[in-house]
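Coordinate-derived values only; no laboratory data. Just so you know, these numbers come straight off a predicted model, no measurement behind them. When we count neighbours, we look across all protein chains shown, and the Cβ atoms used for this are built from the backbone with ideal geometry, even at glycine.
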Amino acid sequence: MASEELTTTGYIQHHLQNMAYGKLPAGYAREDGTVLEQATWTMAHTSQEASDMGFMAFHVDTLGWSIILGLTFSFLFYRVAQKATSGVPSGMQSFIEMVIEFIDNTVKDIFHYRSKLVAPMACTIFVWVFFMNLMDLIPIDWLPLAAQTITGDPHLFFKVVPTTDVNATMGMAIAVFLLMIFFSIQQKGFIGFIKELIFHPFAPPTKGVLIILAPVMIAINFILEFVALIAKPISLGLRLFGNLYAGEMIFILIALLYSGGLLWGIFGGVLQWAWAVFHILVIALQAFVFMVLTTVYMAMAFEVDESH
């Protein structure tokens, strides 16, 4: 797929490469032998070109599928809400009501403060992440081959699981982190937020000879709290990415068995079915974990000590 002669390594690398759109510098020699006369925004034709585009490249497939799945989830919930009835509900209405009730009860158990944003945000996160994870159950070659056929480009990169792209998971995690900082400052005030960073968990001495240790203790407090603060979005994003990326890698390795003949193909089919059944648990669990941790972080942001 990535080259005229399909190899195992090429097959794996092709499936792990996003469709990248970015800027290549002037004088760049492309795979087809052309040399760019000036810096150009273009689609990457190889993994090396995608790498050379640097940090500012856009992963078109990740962005596209994230938006499509987000709109699908929004439209589905909107239509059900429009047709909701207090009588005998439809199967879809019953299912969505069950999901909303489950999330609402989960949020109430974790978040004991008043906010009109947290519960809807938790619902959005759970369903949206679940939809993105669910794309992992589609056979890995179906949509990429369809995209290559439609575009006429046999080398087209096309990943369909947004949560296997660390840029997507870290983007969501950073958004949660910024909301956490916003609510912390809103609830505690900027001074209270800073005090929490430098005076927790150790209270520096304020009198006596030990007062000379106050700057050291403040520095230790800040380092401990800052590391714990930064670790939240990193662990949140990498946990989701790592689990889904590993799952996708296993599907790719199983797919390679189909090229080994009939017996290996049958064995691969059994493995694929078994892993897909197990992976359903991973898909739902990781969406739930991301939602729960987000709610926990919001609760921590709203928590105000009496000293504040």
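Some observations on this one:
- With bins 5 Å wide beginning at 0, the percent of Cα pairs of the stretch 120-241 falling in each bin runs 2, 10, 12, 14, 12, 11, 9, 7, 6, 5, 5, 3, 2, 1, 1, 0.
- Normalised by 2.2 N^0.38 Å, with N the number of residues, the alpha-carbon radius of gyration of the stretch 256-295 equals 1.74.
- Size check on the stretch 1-113: the Cα extents along the three principal axes, sorted descending, read 67, 36, 29 Å.
- Given 83/232; 188/232; 108/232; 23/232; 116/188, the pairs whose alpha carbons are separated by over 29 Å: 83/232; 23/232
- For the options 212, 250, 96, a Gaussian network treatment of the chain with springs between C-alpha atoms closer than 10 Å singles out 212 as fluctuating the most.
- Couplings 3J(HN,Hα) of the stretch 48-63, computed from phi: 5, 5, 4, 5, 6, 6, x, 5, 7, 6, 9, 8, 4, 5, 4, 5 Hz, in residue order, whole Hz [Karplus 6.51 cos²θ - 1.76 cosθ + 1.60, θ = phi - 60°; x for Gly and Pro].
- P(r) weight above 14 Å for the stretch 232-303, C-alpha pairs, percent: 67 percent
- When you filter the chymotrypsin sites (Phe, Trp or Tyr not before Pro) in the stretch 110-176 for DSSP loop state and at most 13 other Cβ atoms inside 10 Å of their Cβ, you are left with 113.
- Overall shape of the stretch 175-287 was characterised from the C-alpha gyration tensor. The equivalent ellipsoid obtained from it has semi-axes of 52, 15, 9 Å, in decreasing order.
- Normalised by the number of residues in the stretch 57-302, the average gap of Cα pairs under 8 Å and 6 or more apart makes the relative contact order 29 percent.
- Phi angles of the stretch 255-261 translate, via the Karplus equation with coefficients 6.51, -1.76, 1.60 and θ = phi - 60°, into HN-Hα couplings of 4, 5, 5, 5, 8, x, x Hz per residue; Gly and Pro are given as x.
- For the stretch 48-170, alpha-carbon Rg over 2.2 N^0.38 Å: 1.35
- In sequence order, calculated HN-Hα J values of the stretch 91-105 (Karplus, 6.51, -1.76, 1.60; Hz; x Gly/Pro): x, 5, 5, 4, 5, 5, 4, 5, 5, 5, 5, 4, 5, 4, 5
- Working from the Cα coordinates of the stretch 1-56, the gyration tensor eigenvalues give, after taking √(5λ), semi-axes of 23, 13, 7 Å in decreasing order.
- Taking the number of Cβ atoms within 10 Å of each Cβ as an exposure proxy, the fewest-first ranking of 172, 92 is 92, 172.
- Relative packing of peptides 30-40, 289-299 - highest average C-beta neighbours within 10 Å first: 289-299, 30-40
- Over all pairs of different C-alpha atoms, the chain has a mean inverse distance whose reciprocal, the Kirkwood radius, equals 22.9 Å.
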